Amino acid sequence: MAGKVKWVTDIEKSVLINNFEKRGWVQVTENEDWNFYWMSVQTIRNVFSVETGYRLSDDQIVNHFPNHYELTRKDLMVKNIKRYRKELEKEGSPLAEKDESGKYLYLDFVPVTYMLPADYNLFVEEFRKSPSSTWIMKPCGKAQGKGIFLINKLSQIKKWSRDSKTSSFMTQSTKEAYVISLYINNPLLIGGRKFDLRLYVLVSTYRPLRCYMYKLGFCRFCTVKYTPSTSELDNMFVHLTNVAIQKHGEDYNHIHGGKWTVNNLRLYLESTRGKEVTSKLFDEIHWIIVQSLKAVAPVMNNDKHCFECYGYDIIIDDKLKPWLIEVNASPSLTSSTANDRILKYNLINDTLNIAVPNGEIPDCKWNKSPPKEVLGNYEILYDEELAQGDGADRELRSRPGQSLGPKGSRLRDAGRTVLTTWK
């Protein structure tokens, strides 16, 4: 197709702009004809809103799905996962199998979570079952660790509720937008410090679901050694891994930014815990990402003009069980270190190669299945069409609880993509 891609962005980040310019694309304003708009979540709301929205043409694409918040708002993500479990249970799916205590065997990957104040009574009931537990409160729509605090007494919730009622600038709607989750107080520690995983996942279509995992994710470490001691509940340098918080810590290292590559984590775990359990852990991480996407796929507005790169946050506990903490719609493109900058530049480069094939003017009618050569550091995580054709989904339904590791590796050995049976 002749002509150069015309691009717009409202996020002034060099890792984006350098990638557009490298391709020889042409910058235009949002009021002109554009083909590619890398926009903030605020702007996407206007593009698809009933009042101010407009119809996108076949040669226009954007980097968010219209209602991405079904996955990226903390309360809605949990609500959709709960609904997905119930539906699988109703269908009699082996995926929804439970143990004697009523816990899901395969779908228990989000910490117990309630919405406040709506679920207050349910929360109190749960709290009283294990009064020594710690809970973490988060505002639903905020990022970078803002507004988060830990509690271990009901009186602290009552105080929060009172304070927010009396505070004049707190409207009813903002007061409602909190989630409270059971705090994972036995995180896997490395060098005595807590960390989480930031993994990048690209979705090109939800129905059929096609998603890619970026191989170069990283771990974010706290600067202060972890202690479950209740006297340190207010010390966010102990509990929250967000760079936006940790960079203000006395021990923050500006060279490596408190980060490790996922590959380093893998090597560390293989040497300390063994290859088999490490493979199982990473298979389980991939599994929970695919299940979270399947949970929101039915409610996602699968607009053909959209793709999205999500930042998944995962915590691993000391039993090597991964937990999905949250999903970000606009993972930070700010670079905290030189390596970070290279990673994010390459992330955008590889994302564009999949979203805008050959750097040519997009055509939304095109089947979004790029050849393997253009994936760069992405690998296909799940392709629903392939999986159904493969009978992988059928196999799973007839044989739940397959061990994820060996089965998956046998498939890979047979020269096929990473389509393990559990997918």
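The values are calculated or read from the model by the stated rules, or taken from the named source; none is laboratory data. Since this is a predicted model, take the numbers as computed values, not measurements. As a convention, Cβ positions derive from the backbone with ideal geometry for all residues, glycine included, and neighbour counts pool all protein chains shown. Note: areas computed on protein heavy atoms with side chains; ligands, DNA, RNA excluded. Shrake-Rupley method; radii C 1.70, N 1.55, O 1.52, S 1.80 Å.
Some observations on this one:
- Amide H contacts under 5 Å for Ile61, placed H, 5+ residues apart: Phe36, Tyr37
- Each residue of the stretch 83-100 is assigned a 3J(HN,Hα), and the resulting list reads 5, 4, 4, 4, 5, 5, 5, 4, 6, x, 5, x, 5, 8, 4, 10, 8, 4 Hz, derived from the Karplus form 6.51 cos²θ - 1.76 cosθ + 1.60 (θ = phi - 60°), x at Gly and Pro.
- Diffusion of the stretch 58-148 by Stokes-Einstein, at 20 °C in a medium of 1.002 mPa s and with Rh set to the Kirkwood radius over alpha-carbon pairs, works out to 136 µm²/s.
- If the segment from Asp119 to Leu105 were pulled out straight at 0.36 nm per residue, it would be longer than the present Cα-Cα gap by 2.6 nm.
- Electrostatic tally near Ser14: other residues with Cβ closer than 14 Å to its Cβ, Lys and Arg +1, Asp and Glu -1, net +1.
- Taking all pairs of distinct alpha-carbon atoms in the stretch 1-56, Kirkwood radius in angstrom: 12.2 Å
- A DSSP coil position with no more than 10 other Cβ atoms inside 10 Å describes the following trypsin sites (Lys or Arg not before Pro) in the stretch 45-96: Arg55.
- For the stretch 263-398, the Kirkwood estimate of the hydrodynamic radius, built from every pair of different alpha carbons, is 17.6 Å.
- Nitroxide proxy distance, nm - points 7 Å out along Cα→Cβ at Lys4 and Ser271: 4.8 nm
- Gain upon complete extension [Arg341, Lys153; 0.36 nm per residue less C-alpha separation]: 63.5 nm
- The calculated Kirkwood hydrodynamic radius for the stretch 5-131 is 18.6 Å, given to one decimal from all distinct C-alpha pairs.
- Of the GluC sites (Glu not before Pro) found in the stretch 67-113, those that fall in a DSSP loop while having at most 11 other beta-carbon atoms within 10 Å are Glu91, Glu100.
- Label-point separation in nm, Thr134 to Ile11, each point 7 Å along Cα→Cβ: 3.2 nm
- The apolar share of the surface of the stretch 1-142, taken as the fraction of accessible area on carbon and sulfur atoms (1.4 Å probe, ligands and nucleic acids excluded), comes to 49 percent.
- A Förster radius of 56 Å combined with the Cβ-Cβ distance from Lys98 to Asn263 puts the calculated FRET efficiency at roughly 0.95.
- D_trans [Stokes-Einstein, Kirkwood Rh over alpha-carbon pairs] for the stretch 36-94, 20 °C, 1.002 mPa s, µm² s⁻¹: 156 µm²/s
- Annotation: for a label point projected 7 angstrom from Cα along Cα→Cβ of Asn358, no residues of the stretch 299-321 have a backbone N closer than 18 Å.
- Glu308 long-range amide H proximity, modeled H, under 5 Å: Val203
- Trypsin sites (Lys or Arg not before Pro) within the stretch 251-346, DSSP loop, no more than 16 other Cβ atoms inside 10 Å: Lys304, Lys319
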